[in-house]
Every structure is written in structure tokens, then in C-alpha cells.
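One structure is given here, and the rest of the page talks about it.
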Amino acid sequence: YAVSYKRKTVIIGLALGLPWFILSWIDLLITPLSSISLILALLSGVSIILFMAFTAIVILLFVLKASQVDEDLLYGAIAIYMLIGGTWAMIYAILEEIHFSSFAIAAAHDLDGVVTWFDLLFYSFATLTTLGYGDIVPVTSPARSLAVVEAIIGVMYLAIIISRLVGIFIATASSKQ
């Protein structure tokens, strides 16, 4: 829906989203842990990252071009934040596929120590919000570097978007008076 206001964005959105859909279904039909399954999972992950990033950018452009604060603008700002968290979870999942044990999880949460996609989604939002419970920890240098970048993006996004929304709201309110 977010990319449907222009034909060009719909085509790009479909071109980025359909490969994920198709590759995910093919991956379900193939024997897990085979080399083909790993390649399909990586390609699928990359395609959904590109789709979510493209969607977030399209919505961000809408938010930045807005001249007044309304429900659509607030929903857009929230959607961008959620897409950022989901995108980073997929980035972490790809890193975990490529370099197993990039993340460690506390035994209290998972006795076998296997980090699942839902664990990485939780970790992503804990990092994005700079909450940092510490029950999932980046172990490798690439994982730590990505976590730092995500935390910076989370703080900067909130600072920039909230200040933009407040500025638009004040400007609109003062022009009405």
C-alpha cells in the first residue's frame, strides 16, 4: 500500500518483493540444511531487506515532504521505525547464517543456545531503541559493528523525525492563528 501511489514505485516494489515470496516458498520445499537451502535463504533474506528498505525510503520521503501533521504522517513515521527494526533483524539473520554464533543468547531464554529469527527480531528492537537487555549479545566484530550502527540509526531517527513532526505541527498551528 505504501508504494502504490505511483506506477513506478509499484513496479519496483513488486520487483523487490516477489523474489522474496517465491524464494521463501521454494526454500520450504527443499530439504533443510542443504547447500541450496542456504543459498535460497540468503537470497530470500537479501530480497526482503531490499524490499523493506525501499518501502521505508518511500514512506520517509512522504514524511519529509509533508506540510502538516495528520494521521497518515504519524502512521508513516511509525511504519518506518518498524521497518527499520525488521530490516535489521533480517540483516542479523543473514549474518548468523553466514557466520554461525555471531550472537549468543542467555541459557535462561534458550537452553540449546540457538538464536532464532524471533530472537534476532527482539534483539533488533532492543538495540534500535537502545534498551539493551543483554540477554542476546553480539559476539563477533561484524555483529557488534552492525549493532552500533543500528543503535545510532534508532537514536538519530527519533531525534530527526520527532523534531520534524513537532516543527510542522508548530508551524501549522501558528499559521492558523
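General remarks:
- Note on the chain: with charges restricted to the Cβ of Lys and Arg (+1) and Asp and Glu (-1), its dipole about the Cα centre is near 900 debye.
- Computing Rg and Dmax of the Cα atoms in Å for the structure here picks out one of (1) 17.2, 51; (2) 18.8, 66; (3) 14.9, 43, namely (2).
- Label-to-label distance, nm, for residues given as SER101 and LEU158 (7 Å Cα→Cβ offset): 3.4
- Carbon and sulfur %, accessible surface of the chain computed with the full protein complex present, 1.4 Å: 74
- Taking chymotrypsin sites (Phe, Trp or Tyr not before Pro) as exposed when their DSSP state is a loop state and no more than 14 other Cβ atoms lie within 10 Å, the longest site-free interval of the chain runs over 6-99.
- Remark: the stretch 1-119 carries 63 Å² of accessible area per residue (probe radius 1.4 Å; ligands, DNA and RNA excluded).
The values are calculated or read from the model by the stated rules, or taken from the named source; none is laboratory data. Since the structure is predicted, the reported quantities are computational estimates derived from the model, not experimental observations. When we count neighbours, we look across all protein chains shown, and the Cβ atoms used for this are built from the backbone with ideal geometry, even at glycine. To get the accessible areas, we keep the full protein, side chains included, count just its heavy atoms, and leave off ligands, DNA and RNA. Shrake-Rupley method; radii C 1.70, N 1.55, O 1.52, S 1.80 Å.
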